[in-house]
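Notes follow once the structure below has been shown.
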Amino acid sequence: MKLSGLGGSQKPKQRGPRGKRGWMLKRKIAVRSADGRDLLVGMSVDITAQRTALTEAEHAKQFLQSVLDA
């Protein structure tokens, strides 16, 4: 199989398979199979926990900076 391109994006507040809203990281790649067919292979990963942790860390950083600046 030959790889012909990579793509990826973070999609905010997508609905998951259970109807829950959250952040999804989506990737896709175009490949050519051994018999010459062009195929698109993709995956999605729920990154809601990572995004939540990042937001909380940013808030903590801002709080600590405000304490130091006081």
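Of the residues making up the range 30-68, those that are acidic (Asp, Glu) and within 18 Å of the chain's Cα centre (by Cα) number 2. Restricting attention to the range 15-41, the residues that are open to solvent by 40 Å² or more (accessible area, probe 1.4 Å) and either modelled with pLDDT under 85 or among the charged types (D, E, K, R) (or both) add up to 12.
The values are calculated or read from the model by the stated rules, or taken from the named source; none is laboratory data. These figures come from a predicted structure and were not determined experimentally. Note: areas computed on protein heavy atoms with side chains; ligands, DNA, RNA excluded. Shrake-Rupley method; radii C 1.70, N 1.55, O 1.52, S 1.80 Å.
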